[in-house]
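Novice: Mind having a look at this structure? Questions to follow.
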Amino acid sequence: MVPHFEGERTPNRPRATASVQGLRLANSTPAHLARAAIEGLLCGLAEGIDHLAAQSVPVRRILLVGGGARSRALCELAPTVFGAPVLVPRPAEYAAIGAGRQAAWALAGAAEPPDWSRVLADRYEADPAPAVRERYSEVRDLTHS
């Protein structure tokens, strides 16, 4: 599944469309469709991570927060798509916390960020499954104009 229901911002494909490809009777069960939706979502996020890596940003681990982080299935599939360990911290308002920390650092005028304590997180690791990304890329390229 390519979940570009209203275009896509990363990569910039405003006219991209959503698509579900390769359906057969054997693989059109609710479980298969749910997995396809999760894999499509993760592949879209992985493209953003690829753009960071292309800018020489080292990707050693992925911090997964938000609604998707509450899904055990998503957390278990994420490292297979990202090809990196995934950390899922306890739920909190991380956007607000991060903004507050960044503001505190800026106001302090320090060259290096302060050493804030790390949040306890569950860690998910798995072998990468490049075939998922390959299939996604093939279908993704059919869905934009």
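The values are calculated or read from the model by the stated rules, or taken from the named source; none is laboratory data. Being a predicted model, the structure only gives us computed values, none of them experimental. Counting neighbours? That spans all protein chains shown, and the Cβs are built from the backbone with ideal geometry, glycine included.
Novice: List, please: which pairs have Cβ atoms under 7 Å, are six or more places apart or on different chains, and start with a residue in region 25-38 that is free of Cβ contacts under 8 Å to residues at least 60 places away in the same chain and end with one that is of a type outside the set (Ser, Thr, Tyr)?
Specialist: Filtered contacts from region 25-38: Ala36/Met1; Ala36/Val20; Ala37/Met1; Ala37/Pro3; Ile38/Ala73; Ile38/Leu74; Ile38/Leu77.
Novice: Keeping to region 67-82, report how many residues are touching a strand residue (DSSP E or B) at 6+ places or on another chain (Cβ under 7 Å) and closer than 9 Å to Leu42 by Cα. Before you say what the answer is, go through the steps one by one.
Specialist: Of all residues in region 67-82, those touching a strand residue (DSSP E or B) at 6+ places or on another chain (Cβ under 7 Å) come to 69, 75-76, 78-79, 82.
Then drop every residue that is not closer than 9 Å to Leu42 by Cα, which leaves 78, 82.
Residues that pass the stated criteria total 2.
Novice: Just to be sure before I move on: is Leu64 under 28 Å from Pro14 (Cβ atoms) and in contact (Cβ under 8 Å) with a residue 24 or more places away in the chain in the structure I sent?
Specialist: Numbers: under 28 Å from Pro14 (Cβ atoms): yes; in contact (Cβ under 8 Å) with a residue 24 or more places away in the chain: yes.
Yes.
Novice: Okay, next question. Check Ala99 against each of (1) under 16 Å from the mean Cα position of the chain (by Cα); (2) over 28 Å from Phe5 (Cα atoms) and name the one condition it does not meet.
Specialist: That leaves (1) as the condition not met.
Novice: Would you pick out the residues in region 17-35 that are closer than 21 Å to Val81 by Cα and small (Gly, Ala, Ser)?
Specialist: Ala18, Ser19, Gly22, Ala31, Ala34
Novice: Only one of (1) surrounded by 12 or more Cβ atoms within 10 Å (Cβ to Cβ); (2) assigned to a loop (DSSP other than H, G, I, E, B) is not met by Leu42, so which one is it?
Specialist: Only one criterion is unmet by Leu42, namely (2).
Novice: Pairs only if they're at least six apart or on different chains, beta carbon under 6 angstrom, first in region 97-122 and farther than 20 Å from Leu87 by Cβ, second of a type outside the set (Ser, Thr, Tyr) and part of a loop (DSSP other than H, G, I, E, B); list them, first residue then second.
Specialist: As it stands, the answer is Trp105/Pro113, since those pairs meet every condition given.
Novice: Specify the residue that is farthest from the chain's Cα centre (by Cα); the eligible residues are those in region 11-21 that are surrounded by 12 or more Cβ atoms within 10 Å (Cβ to Cβ) and not hydrophobic (A, V, I, L, M, F, W, C).
Specialist: Start the filter on region 11-21 by keeping residues that are surrounded by 12 or more Cβ atoms within 10 Å (Cβ to Cβ), which leaves 11, 13, 16-21.
From what is left, the residues that are not hydrophobic (A, V, I, L, M, F, W, C) are 11, 13, 17, 19, 21.
Working: Pro11: 13, Arg13: 17, Thr17: 19, Ser19: 19, Gln21: 21 Å.
Checking each candidate, the answer is Gln21.
Novice: Restricting the search to region 91-115, which residues are loosely packed, with under 11 Cβ neighbours inside 10 Å and either assigned to a loop (DSSP other than H, G, I, E, B) or of a type outside the set (A, V, I, L, M, F, W, C) (or both)?
Specialist: Passing the criteria: Ala92, Glu93, Gly109, Ala110, Ala111, Glu112, Pro114, Asp115.
Novice: Further question: Take region 54-84 and flag every residue that is surrounded by 14 or more Cβ atoms within 10 Å (Cβ to Cβ) and either among the basic types (Lys, Arg) or in contact with an Asp or Glu (Cβ under 6 Å, 6 or more places away or on another chain) (or both).
Specialist: Of everything in region 54-84, those that are surrounded by 14 or more Cβ atoms within 10 Å (Cβ to Cβ) and either among the basic types (Lys, Arg) or in contact with an Asp or Glu (Cβ under 6 Å, 6 or more places away or on another chain) (or both) turn out to be Arg61, Pro79.
Novice: Among the candidates Glu134, Glu138, which residue alone is within 22 Å of Ile62 (Cα to Cα) and either at pLDDT 85 or above or part of a loop (DSSP other than H, G, I, E, B) (or both)?
Specialist: Numbers: Glu138 fails: within 22 Å of Ile62 (Cα to Cα).
The conditions single out Glu134.
Novice: Still on this structure: Conditions: (1) closer than 16 Å to Arg133 by Cβ; (2) of a type in the set (A, V, I, L, M, F, W, C); (3) in contact (Cβ under 8 Å) with a residue 60 or more places away in the chain. Ala18 meets all but one. Number of the miss?
Specialist: (1)
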